[in-house]
């Protein structure tokens, strides 16, 4: 069973998209939803996040969402570095109108590099080596932090692949499934 949120404010949905603010609850609320569905195996819940969904996966794990393991790809770990992108600079006033006042809080809340000790579930991190949106330096740095903390993680950088790891998407998804299977609770 796969459950996927539509983040508030996305694709015409109601609410305001905060990219890792109140919309994080759209991810967290999947747990009560899963528990309400009798056919969902709530002993085996995993998170798989792409791009901004990966950043929100990091946040959900940080906030102790009860999952067995998580996998991400193209997920930024340092919003401060992302701010150097012209695309992000253009987006900031729309997403965070109070950014000038709350810049430090917004950056720290959304940047896993500031709280790697809170990433306490097995985590598979994947990134394209030629990703123009999220430099592979970001997941590499997070992996080094996780290594120093003795955390369980995997890291795959697909050389010459893009943000969505399109050239290796089958391998990407196969690896995520195998990662989850390794942390499945048997009944």
(request) Kindly put 140, 37 in sequence by how many other C-beta atoms sit within 10 Å of each C-beta, fewest to most. (result) 37, 140
(request) Give the order of 23, 43, 11, 173 when sorted by the count of other beta carbons within 10 angstrom, beginning with the fewest. (result) 11, 43, 173, 23
(message) Pick from 75, 143, 167 the residue whose mean-square fluctuation is largest in a GNM of the chain, springs joining Cα atoms under 10 Å.
(response) 167
(message) What value in Å³ per residue do you get for the convex hull of the alpha-carbon atoms in region 47-181?
(response) 99
(request) Take the Cβ-Cβ distance between residue 163 and residue 186 as r, set R0 to 41 Å, and report the resulting FRET efficiency rounded to the nearest 0.05. (result) 0.70
(message) Once you keep just the Cα pairs under 8 angstrom separated by 6 or more residues, what percentage relative contact order results for region 47-181?
(response) 28
(message) Nearest 500 deg cm²/dmol is fine: what mean residue ellipticity at 222 nm does the chain get from its DSSP H runs of n ≥ 4 alone, each adding -39,500 (n - 2.57), divided by its residue count?
(response) -11500 deg cm²/dmol
(request) Rounded to the nearest 0.05, what FRET efficiency do residue 148 and residue 63 give with R0 = 22 Å and r taken as the Cβ-Cβ distance? Could you check? (result) 0.50
(message) Quick check: convex hull of the Cα atoms in region 34-96, volume per residue, rounded to a whole Å³?
(response) 114
(request) Would you please report the Å³ per residue occupied by the convex hull of the alpha carbon atoms in region 86-138? (result) 106
(message) Sort 151, 118, 186 by Cβ crowding within 10 Å, fewest neighbours at the top.
(response) 186, 118, 151
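FYI, it's all coordinate maths here, none of it is from the lab. No experiment lies behind these values; they were computed from the predicted model shown. Positions of Cβ are generated from backbone atoms using ideal geometry, with glycine treated the same way; all protein chains shown enter the neighbour counts.
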